[in-house]
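S.K.: Got a structure for you, questions after.
The values are calculated or read from the model by the stated rules, or taken from the named source; none is laboratory data. The shown structure was predicted, so the numbers you read here are calculated from the model rather than taken from an experiment. We place every Cβ from the backbone using ideal geometry, glycine too, and count neighbours over all the protein chains shown.
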Amino acid sequence: MHRYIPNNGALLDEMLKDIGISSMDELFRDIPQDLQFKGNLDIPGALSEMELLEKTTKLAELNKSSDQLVNFLGAGVYDHFVPLVIDHIISRSEFYTSYTPYQAEVSQGTLQAIFEYQSLITQLTGMEVSNASMYDGSNAAIEAAILSLNAKRKSDTVLISEGVHPEVIEVIKTYLHFRQTNVKLVPLTAEGKTDLAKAEELMGDGVASIMVQNPNFFGVIEDVGAVADFAKSNKIMSIDYVDPISLGILEAPGNQGVDVVVGDGQSLGNGLNFGGPYLGIMAMRKKDVRKIPGRVVGLSKDVDGNRAFVLTLQAREQHIRRFKATSNICSNQSLNMLVASIYLNTMGKEGLREVAVQSASKAAYLKKALLDTGLFEEVYSGKTFKEFTLAYKGDLDALLKGLEEEGFLGGVNLERFGRKGQLLIAVTEKRTKAQMDAYVDAVRRLS
Amino acid sequence: MNNTNYNTLIFEKSHPGKHAYSLPELDVPAVDLDSLETPLRKELDLPEVSEGDLIRHYVNISTKNFSIDKGFYPLGSCTMKYNPKINENIARIPGLSKLHPYQPESTLQGTLALLYELQEYLAEVSGMDVMSLQPAAGAHGELSGLMVIKRYHEMMGNTNRKKIILPDSAHGTNPATVAMVGFELVEIPSDEDGSVDIDELKAVVDEDLAGLMLTNPNTLGLFEGHIQEVADIIHEAGGLLYYDGANMNAIMGRARPGDMGFDVMHFNVHKTFSTPHGGGGPGAGPIGVKNFLAKYLPVPQIEKKGEEYFLNYDYPESIGKVKAFYGNYGILVRAFSYIATMGGEGLREASDMAVLNANYLMERLKKTYNLPIDKVCKHEFVLSGIKDAPKVSTLDIAKRLLDYGFHAPTVYFPLIIPEAMMIEPTETESKATLDGFMDALEAIAKEAVENPELLASAPHTTPVRRVDEVYAAKALILSYKDMLNEEN
């Protein structure tokens with residue numbers, strides 16, 4: 001028997017005897033003969049710890065990680081510094097090997113952590129309620145779109161800014177296709193902001209909401225207040241997809257009249273992890289709380305009157321409401337949510353602002369240095385935060401290949417999203433002046 | 001520990017000027033924020049605590065959690081098996097974890113090889129042909145799988161096919177998923193042992209059928225013996241079969257959904273393949289399909305050309321993307337680590353022992369507790385109240401178990417069994433633990449007769465006692481700010 005399976009030898013025989021059978025096969029006699037799988041599954045192993053470490057270390061050596069390459073990639077996933085306390089806390093078995101906190105009396109740790117997360121997100125976004133997190137930003141976005149459609153009778157369309165992450169738009173399109181709902185894309189202005197005049201032209205009775213991203217996919221800071229006003233005057237919902245780090249310096253969307261805030265919490269202390277797991281942020285107004293998808297924790301008390309936390313409003317959820325639930329989601333990204341909370345508590349009000357200021361300052365420095373080379377042009381004239389889009393005058397593929405050989409992940413080639421020659425560059429507080437200067441030097445040499 | 005110093009929210013520990021972060025000095029000119037020409041934040045109301053405060057805070061609240069590393073967690077349908085430690089180490093190898101999703105494929109060959117190999121493992125365990133690792137959770141896998149079924153019917157021109165049949169014993173996510181994909185739900189009553197009632201099935205199958213969702217073994221822990229007949233009925237009517245992989249831990253190496261006639265399925269790697277539940281996530285819900293459906297899977301698919309691995313987006317008939325990037329990779333790495341640690345033979349042993357452990361519990365517990373269906377079970381079984389104390393609720397039994405140091409089983413599910421208590425021991429529990437658990441349940445049965453109040457007022461020894469759910473739903477205090485408002 002495998003080492004993770006404790007009952008073998010005499011124990012096993014004793015158990016079989018206790019239940020009155022002579023072999024394991026008897027336990028599977030209810031499976032029809034022709035459905036019984038014969039022989040062994042064709043999976044190598046079992047590997048010892050040493051063998052598995054060797055195998056995975058070899059695989060790791062075939063990759064090039066951000067320890068080896070200086071990372072200027074962003075597009076929704078950012079190489080911010082992950083404070084070391086985070087891994088210590090989330091490595092506690094009590095957090096990572098516990099189940100969903102359905103038995104509140106023995107789950108107060110997770111429940112309190114969720115309550116604090118909800119509190120932190122409402123404070124960060126300026127909204128009134130937050131759920132316990134969703135799969136990721138793209139899924140929070142689609143859930144917000146569905147929420148807006150459910151909130152307005154006879155609606156059949158959502159407006160999405162072209163400044164929203166293209167993969168988020170893809171996910172929304174996938175889901176809404178199967179609900180016979182339309183996605184209309186709102187183009188950007190020359191500044192790179194959502195064109196609200198064009199949005200006005202796309203309006204109709206069936207429109208339920210407008211979604212923008214801020215700062216948007218191309219790095220440009222949107223006029224969120226104007227978007228919220230547009231939504232109000234058209235009696236639709238406004239949905240703002242945020243980078244939570246930007247809220248260290250940018251006004252909270254809740255103070256600008258936004259109805260729903262969503263976003264990806266990766267940048268709050270979650271490592272790169274090749275795209276996941278991260279967490280989806282979702283926060284809104286309290287009047288809409290009964291429409292919120294996913295888990296929500298509330299403060300309560302136990303029979304002795306002590307403070308206690310518990311999952312609440314469960315009547316919205318799939319295990320109670322089944323076909324009529326607000327969503328089919330039955331988990332949250334609890335451990336990633338814990339990471340985001342620890343991150344926000346570690347940084348505190350000064351630290352989050354500092355990360356935002358440093359990222360913005362370094363991005364501004366690099367953007368200017370690259371434009372000064374004369375090799376690039378700005379794609380949009382609008383103000384940017386920690387990320388910006390430039391058009392390269394030469395062969396972008398060759399440039400990025402050359403940069404990789406010199407030890408840089410030089411940015412996201414937007415050709416993958418149909419924009420040939422455009423480069424999206426992100427700069428976090430981790431990048432140093434020396435790294436950026438070396439990057440600009442390399443660009444000059446390779447051009 | 002109910003000491004008030006420790007029993008506080010992080011916000012109540014905040015003190016102006018304290019901080020836990022450390023950053024180097026800014027080495028370029030600071031940007032003039034006014035030049036951003038956008039409204040700026042006037043206040044940012046986050047806690048201010050020291051690193052020591054922070055660590056104590058989380059260590060103290062963590063001790064109020066039950067966890068698999070602390071004790072037995074017999075939650076039916078959740079497969080709370082031991083979470084091997086090596087999986088955590090491997091997921092943290094920098095060369096496997098510090099990777100950006102938009103790096104060039106040439107810098108990702110190790111990771112793509114690992115994921116490709118994982119796909120092959122999953123296909124072998126399930127008997128499916130092609131896998132997609134993208135869905136983030138079991139429910140997300142269901143959603144993606146039903147989208148594949150809907151896309152198939154669209155491409156076949158069967159736009160009338162909108163009905164998904166579910167037995168009434170199904171997991172709650174099944175009907176919720178049906179709604180989310182824009183299908184219509186047809187729920188059919190199960191026969192007495194939770195299996196599909198063939199006559200009921202035949203009565204609802206017609207030309208509007210899109211498919212059927214099923215888990216096997218079913219939610220009573222019993223193997224659906226006439227699955228082939230069910231599959232034939234659905235296929236002959238032009239529908240497809242969806243397999244909910246929640247119960248895969250019962251049958252690895254013993255039977256495969258692909259061989260039973262299922263066309264689409266999902267795995268819950270946080271159940272079957274030991275990845276930690278994390279207090280409610282993250283998980284991962286890879287899906288598998290038969291070849292004829294492969295072109296509809298989410299993009300990108302992870303493929304191999306010669307010795308090169310790559311992400312293939314070139315599937316014009318794909319349902320599209322269901323999640324940004326490629327799935328919950330960090331969790332998939334843990335699943336890979338587990339499967340490689342077990343090997344094919346080890347996986348069969350795991351299922352064998354999960355089933356033996358369940359039967360071992362069932363055989364003894366049925367003497368004290370009602371067992372609605374007395375048949376050999378698979379990895380789990382469902383009890384229905386104490387024989388000698390029929391008025392004592394399952395909720396009270398569950399809460400009393402917490403006092404004995406065990407997590408409660410899944411309660412009041414499946415819905416077709418009154419006072420249901422669903423017990424799944426998994427293969428990683430020792431005979432001694434199982435014996436101790438049964439001793440506790442028998443002691444509780446005795447208490448239920450002699451002193452039912454002891455159960456009604458349980459738990460007595462947990463960090464908090466029974467929590468008032470009605471108050472929470474009425475007061476709706478969902479944040480620290482709400483709490484302060486309430487107090488004022």
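S.K.: What residue, among those in the range A:292-351 that are of a type in the set (V, I, T) and under 19 Å from the mean Cα position of the chain (by Cα), is modelled with the lowest pLDDT?
M.R.: First, pick out the residues of the range A:292-351 that are of a type in the set (V, I, T): A:292, A:296-297, A:303, A:310, A:312, A:320, A:326, A:329, A:339, A:342, A:346.
Retained after the next criterion (residues that are under 19 Å from the mean Cα position of the chain (by Cα)): A:292, A:296, A:329, A:339, A:342.
Working: A:I292: 93, A:V296: 96, A:I329: 85, A:V339: 98, A:I342: 98.
Step by step, filter the range A:292-351, then rank; the result is A:I329.
S.K.: The conditions are (1) among the small types (G, A, S); (2) outside any loop (DSSP other than H, G, I, E, B); (3) facing chain B (nearest Cβ under 7 Å); (4) within 20 Å of A:P101 (Cβ to Cβ), and A:S331 fails exactly one of them. Which is it?
M.R.: With (1) among the small types (G, A, S); (2) outside any loop (DSSP other than H, G, I, E, B); (3) facing chain B (nearest Cβ under 7 Å); (4) within 20 Å of A:P101 (Cβ to Cβ) applied to A:S331, the lone miss is (2).
S.K.: Continuing with the same structure: Can you name every one of the helices (runs of 4 or more DSSP H) wholly within the range A:140-249 that holds 3 or more residues which are closer than 23 Å to A:H80 by Cβ? Explain how you work it out, then say what you get.
M.R.: Numbers: elements: A:166-177, A:196-202, A:224-233.
Those helices (runs of 4 or more DSSP H) span A:166-177.
S.K.: Keeping to the range A:29-63, report how many residues are within 21 Å of B:L96 (Cβ to Cβ), of a type in the set (S, T, N, Q) and in contact with a helix residue (DSSP H, G or I) (Cβ under 6 Å, 6 or more places away or on another chain). Before the answer, list the steps.
M.R.: Taking the range A:29-63 first, the residues within 21 Å of B:L96 (Cβ to Cβ) are A:43-63.
In the following step, the residues that additionally are of a type in the set (S, T, N, Q) were identified as A:48, A:56-57, A:63.
Filter again for in contact with a helix residue (DSSP H, G or I) (Cβ under 6 Å, 6 or more places away or on another chain), leaving A:56, A:63.
Residues meeting the conditions: 2.
S.K.: Take residues that are buried (at least 18 other Cβ atoms within 10 Å of the Cβ) and hydrophobic (A, V, I, L, M, F, W, C) and tell me which of the helices (runs of 4 or more DSSP H) falling wholly in the range A:28-100 contain 2 or more.
M.R.: Details: elements: A:49-61, A:85-90, A:93-96.
Where helices (runs of 4 or more DSSP H) fall fully within the range A:28-100 and carry at least 2 residues being buried (at least 18 other Cβ atoms within 10 Å of the Cβ) and hydrophobic (A, V, I, L, M, F, W, C), they are A:49-61, A:85-90.
S.K.: While we're looking at this one, here's another question. Which residue pairs have Cβ atoms closer than 7 Å, lie 6 or more positions apart in sequence or on different chains, and pair a first residue in the range B:127-139 that is facing another protein chain (nearest Cβ under 10 Å) and outside any helix (DSSP H, G or I) with a second residue that is surrounded by fewer than 24 Cβ atoms within 10 Å (Cβ to Cβ) and acidic (D, E)?
M.R.: Once the first residue is facing another protein chain (nearest Cβ under 10 Å) and outside any helix (DSSP H, G or I) and sits in the range B:127-139, its partners that are surrounded by fewer than 24 Cβ atoms within 10 Å (Cβ to Cβ) and acidic (D, E) give B:G127/B:D259.
S.K.: Quick check: is even one residue across the range B:219-238 part of a loop (DSSP other than H, G, I, E, B), of a type in the set (F, W, Y) and under 24 Å from the mean Cα position of the chain (by Cα)?
M.R.: Applying the first criterion (part of a loop (DSSP other than H, G, I, E, B)) to the range B:219-238 yields B:219-226, B:237-238.
Going one step further and asking which of them are of a type in the set (F, W, Y), we end up with B:223.
Filter once more, keeping what is under 24 Å from the mean Cα position of the chain (by Cα): B:223.
Yes, the conditions are met somewhere in the range B:219-238.
S.K.: Among B:S457, B:S430, B:S479, which is out of contact with any Cys (no Cβ under 8 Å at 6 or more places or on another chain) and closer than 18 Å to B:A389 by Cβ?
M.R.: Values: B:S430 fails: closer than 18 Å to B:A389 by Cβ; B:S479 fails: closer than 18 Å to B:A389 by Cβ.
Of B:S457, B:S430, B:S479, the one residue that is out of contact with any Cys (no Cβ under 8 Å at 6 or more places or on another chain) and closer than 18 Å to B:A389 by Cβ is B:S457.
S.K.: Taking the range A:58-81 on its own, how many of its residues are more than 7 Å from chain B (Cβ to nearest Cβ) and over 21 Å from A:Q435 (Cα atoms)?
M.R.: Qualifying residue count, the range A:58-81: 1.
S.K.: How many residues, within the range B:406-430, are at pLDDT 95 or above, facing chain A (nearest Cβ under 8 Å) and buried (at least 17 other Cβ atoms within 10 Å of the Cβ)?
M.R.: Matching residues across the range B:406-430 total 5.
S.K.: I'd like to check something: does the range B:254-270 contain any residue that is surrounded by fewer than 24 Cβ atoms within 10 Å (Cβ to Cβ), out of contact with any helix residue (DSSP H, G or I) (no Cβ under 8 Å at 6 or more places or on another chain) and farther than 22 Å from B:N158 by Cβ?
M.R.: There is no residue in the range B:254-270 that is surrounded by fewer than 24 Cβ atoms within 10 Å (Cβ to Cβ), out of contact with any helix residue (DSSP H, G or I) (no Cβ under 8 Å at 6 or more places or on another chain) and farther than 22 Å from B:N158 by Cβ.
S.K.: Here is a check on your reading of the model: is A:N328 surrounded by 22 or more Cβ atoms within 10 Å (Cβ to Cβ), free of Cβ contacts under 8 Å to residues at least 40 places away in the same chain and either touching a helix residue (DSSP H, G or I) at 6+ places or on another chain (Cβ under 6 Å) or not assigned by TED's automatic domain parsing to the domain that holds A:M211 (or both)?
M.R.: Details: surrounded by 22 or more Cβ atoms within 10 Å (Cβ to Cβ): yes; free of Cβ contacts under 8 Å to residues at least 40 places away in the same chain: yes; either touching a helix residue (DSSP H, G or I) at 6+ places or on another chain (Cβ under 6 Å) or not assigned by TED's automatic domain parsing to the domain that holds A:M211 (or both): yes.
Yes, satisfied.
S.K.: Can I ask one more? Out of (1) assigned to a loop (DSSP other than H, G, I, E, B); (2) more than 30 Å from B:Y58 (Cβ to Cβ), the odd one out for B:G283 is which?
M.R.: (2)
S.K.: Counting only residues that are among the acidic types (D, E) and within 29 Å of B:M147 (Cβ to Cβ), which one in the range B:314-352 is surrounded by the fewest Cβ atoms within 10 Å (Cβ to Cβ)? I'd like the intermediate steps shown before the answer.
M.R.: We begin by selecting, within the range B:314-352, every residue among the acidic types (D, E); these are B:314, B:317, B:345, B:349, B:352.
Subsequent filtering for residues that are within 29 Å of B:M147 (Cβ to Cβ) retains B:314, B:317.
On the way: B:D314: 9, B:E317: 11.
Among those residues, the one meeting the criterion is B:D314.
S.K.: Kindly establish whether B:L122 is buried (at least 18 other Cβ atoms within 10 Å of the Cβ) and at the interface with another protein chain (Cβ under 8 Å from one of its Cβ atoms). Before you say what the answer is, go through the steps one by one.
M.R.: Numbers: buried (at least 18 other Cβ atoms within 10 Å of the Cβ): yes; at the interface with another protein chain (Cβ under 8 Å from one of its Cβ atoms): no.
No.
S.K.: Of everything in the range B:174-221 that's among the β-branched types (V, I, T) and touching a residue at least 40 places away in the same chain (Cβ under 8 Å), which residue is surrounded by the most Cβ atoms within 10 Å (Cβ to Cβ)?
M.R.: Taking the range B:174-221 as the starting set, the residues that turn out to be among the β-branched types (V, I, T) are B:177-178, B:181, B:186, B:188, B:196, B:198, B:204-205, B:215, B:219.
In the following step, the residues that additionally are touching a residue at least 40 places away in the same chain (Cβ under 8 Å) were identified as B:204-205, B:215, B:219.
Details: B:V204: 15, B:V205: 20, B:T215: 23, B:T219: 28.
So, considering only residues that are among the β-branched types (V, I, T) and touching a residue at least 40 places away in the same chain (Cβ under 8 Å), the one surrounded by the most Cβ atoms within 10 Å (Cβ to Cβ) is B:T219.
S.K.: Examine the range A:273-296 for a residue that is within 30 Å of B:D168 (Cβ to Cβ), surrounded by 24 or more Cβ atoms within 10 Å (Cβ to Cβ) and facing another protein chain (nearest Cβ under 8 Å), and state whether such a residue exists.
M.R.: Yes: one or more hits.
S.K.: Here is a list: B:L365, B:L332. Which entry is at pLDDT 95 or above, in the same structural domain as B:A445 (by TED's automatic domain parsing) and among the aliphatic types (A, V, I, L, M)?
M.R.: Values: B:L332 fails: in the same structural domain as B:A445 (by TED's automatic domain parsing).
Selected residue: B:L365, the only one of B:L365, B:L332 that is at pLDDT 95 or above, in the same structural domain as B:A445 (by TED's automatic domain parsing) and among the aliphatic types (A, V, I, L, M).
S.K.: Test A:G374 against the stated conditions and say whether it is touching a residue at least 24 places away in the same chain (Cβ under 8 Å) and on the phi > 0 side of the Ramachandran plot.
M.R.: Working: touching a residue at least 24 places away in the same chain (Cβ under 8 Å): no; on the phi > 0 side of the Ramachandran plot: yes.
Considered against the rule, which asks whether it is touching a residue at least 24 places away in the same chain (Cβ under 8 Å) and on the phi > 0 side of the Ramachandran plot, A:G374 comes out as no.
S.K.: Here are the criteria: (1) under 19 Å from B:M422 (Cα atoms); (2) within 12 Å of another protein chain (Cβ to nearest Cβ). Tell me which single one B:L214 does not satisfy.
M.R.: Every listed condition holds for B:L214 apart from (2).
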